[in-house]
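Notes follow once the structure below has been shown.
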Amino acid sequence: MTIQLLSLICKFGGWMGLTPVSVEPTGFSPKGYSLLWILLFTLGVTISGVYRTDFYKKLSPMRLIVQTCLDFLLLALNISTILTTVRKQQQWAQLIQNLKVVATTKTKAWFLPFVVTNIIFVLFHTYEAFVWTRIMGVAYYEQYAVEFFQFYAQFIVYFLIYAVLEMLLQKYKTVTYVMTGQLKAQNSNLLKSVCADLCLLSECVDLFNSLFGFLVLLLVALTTLQLLIYIQVIVIGTKNTIETVAYSVIFILWHIVGTFSGIFLCDLIRREIANVQVLAYKIEAKRRDNEIKMFVKIVDASCRNFTAARFFELNRRTILGVSNAVITFLIVMVQFENITI
């Protein structure tokens with residue numbers, strides 16, 4: 001990933017107040033503009049909620065609770081993303097400045113991942129509109145038009161997290177490669193360079209946790225509820241068609257990839273950090289002097305974990321936890337539905 005790609009994401013996200021408008025130090029939207037988008041999201045969700053009144057009345061108590069929580073979490077994610085950009089401009093500016101050092105040089109077709117995922121997003125929601133317009137008519141747009149903007153805001157968060165983590169992962173791999181060579185060549189200047197890189201990367205991880213930790217927590221909770229509802233619809237839905245099932249499956253896959261890819265990258269980075277520690281200990285075993293001892297202390301001090309607002313660490317066990325939660329709640333919901341019937 002390159003800083004040019006991050007700049008492109010910021011241009012799209014900045015239009016909705018979700019990110020800085022550019023990677024320049026002054027690239028932040030006015031607070032009034034951000035407040036306008038918060039009001040637009042809130043007003044849109046409120047109006048769509050009024051139109052969905054009949055839909056809510058038809059839901060079972062358990063499904064109504066889950067659906068209400070889902071709608072609230074999606075709005076909370078949109079608003080929290082905007083507020084994070086407004087309230088943490090200094091952290092944003094520092095992260096971007098660090099990523100300019102961390103990111104790889106400009107490559108050919110650097111814009112391709114973002115363009116392709118945008119096309120997939122548009123195609124999927126076009127298919128969604130086609131399917132549900134045939135079923136609901138104009139009422140579909142009255143009830144769900146605002147979600148096009150909400151889900152695109154969620155997509156920007158998905159891709160932004162992915163881009164930042166990918167840049168950090170590539171830099172950690174570079175550090176690992178350099179330290180592997182250091183096992184043979186004893187170069188003090190190289191060790192100092194590695195120390196500087198590790199300190200910079202540890203600061204990037206801290207900034208990532210500060211800016212995105214709570215957003216990741218909301219994404220995990222949101223994805224859990226989305227999986228729960230759509231899997232339930234597929235399993236026990238009474239009005240399913242091939243088109244609606246296909247839509248549900250694509251929807252599930254989209255959010256699984258979006259949420260879990262970021263968590264998976266966090267786990268890969270943590271593995272690279274562990275590799276850096278192991279290499280540092282190997283270097284210490286070959287050279288026992290004060291410089292190496294100080295180097296090992298810096299390596300240990302620079303080790304960081306990715307967390308979701310410090311509630312839990314982000315690694316592969318998080319994915320397993322979400323899967324267990326979905327299965328457990330799905331069983332409870334199915335049993336509850338059978339009791340009420």
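All of the numbers you see were taken from the coordinates with simple rules; none came from a lab. Quantities reported herein were computed from a predicted structural model and do not represent experimental measurements. All Cβ positions, even for glycine, are placed from backbone atoms using ideal geometry, and neighbour counts span all protein chains on display.
A few comments on the model shown:
- Principal-axis tilt of helix 3-15 within the chain, Cα atoms, nearest 10 degrees: 30 degrees
- Of the residues I119, P20, I234, the one whose Cα sits farthest towards the positive end of the charge dipole of the chain is P20 (charges of +1 on Lys and Arg Cβ, -1 on Asp and Glu Cβ, taken about the Cα centre).
- Rg to Rh quotient for the range 112-164, alpha carbon positions, Kirkwood Rh: 1.07
- Under a 5 Å amide H cut-off, with hydrogens placed 1.01 Å from N, R52 pairs with nothing among residues at least 5 apart or on other chains.
- The peptide list 32-44, 12-24, put in order of mean Cβ contacts within 10 Å with the highest first, becomes 12-24, 32-44.
- The range 114-160 and the range 48-71 have Cα centres lying 20 Å from one another.
- Other residues within the sphere of radius under 12 Å centred on the Cβ of R304, judged by their own Cβ, net out at -4 (K and R +1, D and E -1).
- Charging the Cβ of each Asp and Glu at -1 and of each Lys and Arg at +1, and nothing else, the dipole of the range 195-341 about its Cα centre rounds to 400 debye.
- Per residue, the convex hull spanned by the Cα atoms of the range 183-325 amounts to 125 cubic angstrom.
- Equivalent ellipsoid semi-axes, the chain, via Cα gyration tensor eigenvalues times 5, rooted, Å: 42, 23, 17
- Cross-link pairs exceeding 28 Å between alpha carbons, from the set K100/K173; K173/K293; K192/K286; K171/K286; K11/K88; K88/K108: K88/K108.
- For the chain, the longest principal axis of the alpha carbon atoms and the long axis of helix 89-102 meet at an angle near 60°.
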